[in-house]
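Asks: Input: one structure, supplied below.
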Amino acid sequence: MSGGIDEQATRELLVAFAASLYARGFSVGSAGNISVRLDDGYLITPTNSSFGRLRAGQISRLDTNFAHVGGEKPSKEVFMHRAFYTVRPDCGAVVHLHSTMATAVGCLADADAERPIPPLTPYFVMRVGRTLPLVRYFRPGDPEMEPAIAAAAKGARAVLLANHGPVVSGRTLTDAVYAAEELEEAAKLYLLLRTANPRQLTEAQVDDLLTTFR
């Protein structure tokens, strides 16, 4: 037990969500990483680990300064998660995926920098928010990505990394996973409808959703 959070239960939930994401193709190979805020530190998936073969005891433990204090060596993209935790006090978990459709949108040369995926459905707005900033391309593991993500995350629950994939935050691990799943489905819808002039939610409808479902 870590303060008010049951660390072992959190580890097991993280493993279950990771396996589910892997089984449904949201993550392949050793791609992606997941972290959770504890009362006295953080949990994060280890470097080069597979979501489909993760064990609770493998998960890396970080202290409040993000230093590695237990478990296997953490993901090389710890900084990506730290960017969200630092600028969003409400952030309790972060999910980074290389999910196909969202990554495809991030590869479009004409993607909108503030709204690469338009508000087509209420659940995308409710779970991801008004904006999804597109962060310019950085080499994977490049620490210069951290300030760019942090700047974008100040006003957004999630960002889309150009040619790389989404990084999604949530108040809880469950919230973050659900938001990442909803983002992928929204990206799929957008790509299906991109040439069809789809009806988007209006700004008034977006405002209503964000006010009603805080």
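Read-outs: derived from the displayed coordinates by stated rules, not from any lab. This structure is a prediction, so every number in the text was calculated from the model and none was measured. Every residue, glycine among them, receives a Cβ derived from its backbone with ideal geometry; neighbour counts consider all protein chains shown.
Asks: Counting other C-beta atoms within 10 Å, which of M101, M80 has the fewest, and how do the rest follow?
Replies: Ordered from fewest to most neighbouring Cβ atoms within 10 Å, M101, M80 come out as M101, M80.
Asks: Given the Cα-Cα distance of A151 and L193 and 0.36 nm per residue of separation, how much length would full extension add, in nm?
Replies: 12.1 nm
Asks: Let me ask something else. Taking only the alpha-carbon atoms of region 1-118, what semi-axes of the equivalent ellipsoid follow from 5 times the gyration tensor eigenvalues under a square root, in whole Å, largest first?
Replies: Ellipsoid half-lengths, sorted descending, are 26, 18, 12 Å.
Asks: Hey, another quick one. In percent, what relative contact order does the chain have, based on Cα pairs under 8 Å that are 6 or more apart in sequence?
Replies: Relative contact order for the chain comes out at 20 percent.
Asks: Each residue of region 19-31 in order: what ³J(HN,Hα) in whole Hz does its phi give by Karplus 6.51 cos²θ - 1.76 cosθ + 1.60, θ = phi - 60°, with x for Gly and Pro?
Replies: 5, 5, 4, 5, 4, 9, x, 6, 9, 10, x, 10, 6
Asks: In sequence order, what are the phi-derived ³J(HN,Hα) couplings for region 134-147 according to the Karplus relation 6.51 cos²θ - 1.76 cosθ + 1.60 with θ = phi - 60°, rounded to whole Hz, with x for glycine and proline?
Replies: Each residue of region 134-147 in turn: 9, 8, 4, 5, 10, 4, x, x, 6, x, 5, 5, 4, x Hz.
Asks: Now for a different question. How large is the dipole of region 2-54 about the Cα centre if only Lys and Arg carry +1 and Asp and Glu carry -1, each at its Cβ, rounded to the nearest 20 debye?
Replies: That gives region 2-54 a dipole magnitude of about 340 debye.
Asks: List the residues whose amide H sits under 5 Å from the amide H of I5, counting only those 5 or more places along or on another chain, with H placed 1.01 Å from N in the peptide plane.
Replies: Here the answer is D39, since their amide H atoms fall under 5 Å of that of I5.
Asks: Determine the dipole magnitude for the chain: charges of +1 sit on the beta-carbon of Lys and Arg, -1 on that of Asp and Glu, nothing else is charged, the reference point is the Cα centre, and the result goes in debye to the nearest 20.
Replies: Once rounded to the nearest 20, the dipole reads 300 debye.
Asks: If you average the alpha carbon positions of region 20-89 and of region 101-142, how far apart do those two centres end up, in angstrom?
Replies: 22 Å
Asks: Right, another one. Calculate how large, on average over all directions, the projected area of the Cα convex hull of the chain is; give the answer in nm² to one decimal.
Replies: 11.2 nm²
Asks: Give the long-range amide H neighbours of V135: residues separated by 5 or more places, or on another chain, with amide H under 5 Å away, using H modelled in the peptide plane at 1.01 Å from N.
Replies: L160, L161, A162
Asks: Compare G155, G92, G29 in a GNM of the chain, Cα atoms joined below 10 Å, and give the one with the largest fluctuation.
Replies: Answer for the Gaussian network model of the chain: G29.
Asks: For the chain, with a Gaussian network of springs between Cα atoms less than 10 Å apart, report the residue from A111, A152, A180 with the top mean-square fluctuation.
Replies: A111
Asks: Report ³J(HN,Hα) in whole Hz for each residue of region 45-55, in order, from the Karplus equation J = 6.51 cos²θ - 1.76 cosθ + 1.60 where θ = phi - 60°; Gly and Pro get x.
Replies: 5, x, 5, 6, 9, 9, 4, x, 10, 7, 10
Asks: Using the 10 angstrom Cβ neighbour count as an exposure proxy, how do Y137, Y123, Y42, Y85 rank, fewest first?
Replies: The fewest-first ordering by Cβ neighbours comes to Y137, Y123, Y85, Y42.
Asks: Label Q58 and T212 with points 7 Å out from Cα along Cα→Cβ: what is the distance between them in nm?
Replies: It is 4.2 nm.
Asks: Which of the three applies to region 173-214, rounded, prolate or oblate, going by the alpha-carbon gyration tensor with a ≥ b ≥ c and a/c under 1.5 meaning rounded?
Replies: Note, shape of region 173-214 comes out oblate.
Asks: Would you compute, from DSSP H runs of 4+ residues alone, the mean residue ellipticity of the chain at 222 nm, taking -39500 (n - 2.57) per run and dividing by the full residue count, rounded to the nearest 500?
Replies: For the chain, the value works out to -11500 deg cm²/dmol.
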